[in-house]
Amino acid sequence: MKKLVIAVTTVLVLLCAAWAAATYVLGGQARDHYFAIFEDYGNLGTITLSNLSYERGFSSSTAETLIELKGFPKTEDEDLDLPESFAVVLAHTLNHGPFPGGGPALATLETRVKEVRVDGEVLKEAEQEMPLLFKPFSHARIAFDGSVNEHTEFAAIKGETDEFSYHWKGLTSDSEYSSKTKRLISNLSMPGLTIGDEDVTVNFAGLNGRFNLVETLPKLFLGSSELAFGSFSIKNQKTPDESVEMESLLVSANSSYAEGQIKIRELIKLGKINVLGESYGPGLLDLEFNNLDAQALSDLQEQVLAFYQSEDIYDSDVVLSKLLPIYIGFGEQVLAGNPEFNIRELTFIAPQGTVEGNAQVKFNGHEGITLDDTLALIQGLDAAAELTADESLIVAYLIADTKPKLAEYQELGILPEMTEEELEEMAEEQASQQIEALLLQNLLIRDGEKLRFKASYKEGMALLNGQPVPLMQ
């Protein structure tokens with residue numbers, strides 16, 4: 001019996017020692033993961049991330065991260081006094097493995113907002129007015145192989161100030177990153193936001209997003225993404241006719257990798273927009289990029305990040321001398337790979353009519369091509385475009401462009417005094433004359449109630465509405 005007790009005690013001591021050693025070692029690994037973020041993404045231009053403190057304990061550690069936004073544009077508008085910098089201090093609690101939170105893992109990480117700073121000064125009233133923002137909002141679990149599962153949730157906030165009331169319905173997101181496949185899967189939801197006073201109410205129905213991306217090459221993530229924006233409105237209680245409303249906006253992208261090149265497809269779908277009693281939309285923009293050099297894009301990401309980490313991005317001389325050459329080199333690499341850009345479809349409906357179009361741009365490049373070789377750039381270009389619009393829409397645009405000019409001539413005494421109706425008639429007459437002139441020059445073709453424009457360029461020869469326009473001999 002005594003031997004059994006000694007044996008069991010010995011085993012328990014060994015297990016505790018092993019757990020203690022594992023906890024201490026994994027605590028060091030968790031620290032390495034944390035500081036690696038600053039090495040790669042510490043400076044993103046106008047956004048910087050830095051560590052304020054890291055206190056390592058035996059089974060848990062605490063850290064603070066400063067996220068700072070700088071470089072807000074200067075404005076002379078006294079009502080729009082933007083700060084020079086805006087910062088948030090995040091407080092983290094790391095519980096080390098091997099069994100934090102009851103399961104095997106390298107560490108768990110809890111994050112909350114500790115401070116909000118404007119121009120370096122702590123905004124103390126922020127926590128008093130919005131205490132829910134300062135509760136823990138992010139919980140992550142880091143696996144032994146570096147994979148991460150993370151859940152973020154900001155509680156809804158509702159309140160009012162002396163000037164306005166607000167209701168933010170919160171935000172949630174769930175993300176999963178696999179270090180083996182380098183795949184990031186994330187879902188985002190923000191139910192909505194309402195801000196208003198006695199005169200104006202701004203309402204945003206929120207957004208939903210989903211991302212499924214793989215780091216194909218260093219710093220180059222490809223896959224699918226989608227952001228769906230709900231309705232947005234600005235309603236004036238005193239003058240309802242001045243209200244603005246947008247039904248929806250959907251932005252999606254899909255990208256793939258094959259044989260060193262990337263293909264990207266992007267869709268932008270716009271719902272109806274109601275402005276001053278008139279309805280615009282819906283609209284669609286369908287874009288496609290083919291034969292993009294994947295390695296060039298990856299190199300660009302790494303070089304730009306390295307530039308941000310080591311240079312002053314607000315020094316124009318530094319930007320011109322060091323950043324511009326990076327983009328020039330990237331452009332030359334991409335052109336050598338025969339890139340293609342297509343506007344597969346462009347459609348937009350306005351009160352006065354519809355506009356539709358498409359375009360294709362190809363470049364037949366070769367190794368060693370440079371952006372300063374104008375002749376080679378022109379010879380390698382192959383492009384075509386077609387645009388169709390209701391004539392009523394073109395007329396409305398020309399009238400809107402011409403009428404203010406006529407009113408200015410009238411104020412200068414170049415034109416005699418006219419009534420609003422006479423000014424409108426003159427603008428309509430000039431718009432019709434401009435269209436007829438464009439038709440005579442073959443810049444437009446009339447097709448029933450529509451006007452068409454078709455152009456192409458290849459090997460130094462341009463075609464405009466079917467007629468050759470030689471540009472190079």
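Derivation of every value follows stated rules applied to the coordinates shown; laboratory data play no part. Since the model is a prediction, treat every value here as computed from it, not as a measurement. Cβ sites come from the backbone with ideal geometry, for glycine too, and all protein chains shown count toward neighbours.
Go ahead and run the numbers for FRET between residue 134 and residue 40, Cβ-Cβ distance against an R0 of 41 Å, rounding to 0.05. Plugging the Cβ-Cβ distance into 1/(1 + (r/R0)^6) gives 0.90. Volume of the convex hull of the chain (Cα atoms only), normalised per residue: 240 Å³.
Positive end of the dipole of region 389-470 (Cβ unit charges, origin at the Cα centre): among 407, 443, 457, the Cα lying farthest that way belongs to 457.
If R0 is 60 Å, the Cβ-Cβ spacing of residue 180 and residue 367 corresponds to a FRET efficiency of close to 0.95. The C-alpha atoms of region 144-251 occupy a region whose extents along the principal axes are 59, 26, 17 Å, arranged from largest to smallest. Counting beta carbons within 10 Å around each of 139, 366, 96 and listing the fewest first gives the order 366, 139, 96.
A simple count of charges around residue 388, restricted to other residues whose Cβ falls under 13 Å of its Cβ and scoring Lys, Arg +1 and Asp, Glu -1, yields -3. Look at the dipole of the chain built from charges on Cβ: of 144, 287, 301, the Cα furthest out on the positive end belongs to 144. Computed extension gain for residue 375 through residue 295, at 0.36 nm per residue and net of the alpha carbon distance, reaches 26.2 nm. Axis angle, to the nearest 10 degrees, between helix 294-310 and the longest C-alpha principal axis of the chain: 70 degrees. Taking all Cα pairs closer than 8 Å and separated by 6 or more residues, the relative contact order of the chain comes to 6 percent. A full extension of the chain between residue 401 and residue 354 corresponds to an added length of 15.1 nm, given 0.36 nm per residue minus the alpha carbon distance. Shown is the FRET efficiency for residue 62 and residue 212, computed with R0 = 35 Å from the Cβ-Cβ distance and rounded to the nearest 0.05: 0.55. The alpha carbon centroids of region 307-334 and region 195-240 are separated by 31 Å. Close amide H contacts of residue 170 (hydrogens built in the peptide plane, cut-off under 5 Å, sequence separation of 5 or more or a different chain): 157, 192.
Other residues within the sphere of radius under 10 Å centred on the Cβ of residue 90, judged by their own Cβ, net out at 0 (K and R +1, D and E -1). In a fully extended conformation the segment linking residue 198 and residue 421 would gain 76.5 nm over its present Cα-Cα distance, using 0.36 nm per residue.
In this rough spin-label picture, where each label sits 7 Å from Cα along the Cβ direction, the residue 392-residue 278 distance is 1.2 nm. Residues whose amide H lies under 5 Å from that of residue 249, counting only those 5 or more places away or on a different chain, are 229, 271; hydrogens are built 1.01 Å from N in the peptide plane. The charge dipole of the chain, taken about its Cα centre with unit charges on the Cβ atoms of Lys, Arg (+1), Asp and Glu (-1) only, comes to about 3640 debye. In the structure shown, the pairs 70/403; 263/454; 158/272 are assessed against 31 Å; a Cα-Cα span above that value is assigned to 70/403.
Quotient of the Cα radius of gyration of region 356-449 and 2.2 N^0.38 Å, N being its number of residues: 1.68. Each Lys or Arg adds one and each Asp or Glu takes one away; over the other residues whose Cβ falls under 15 Å from the Cβ of residue 318, this sums to -3.
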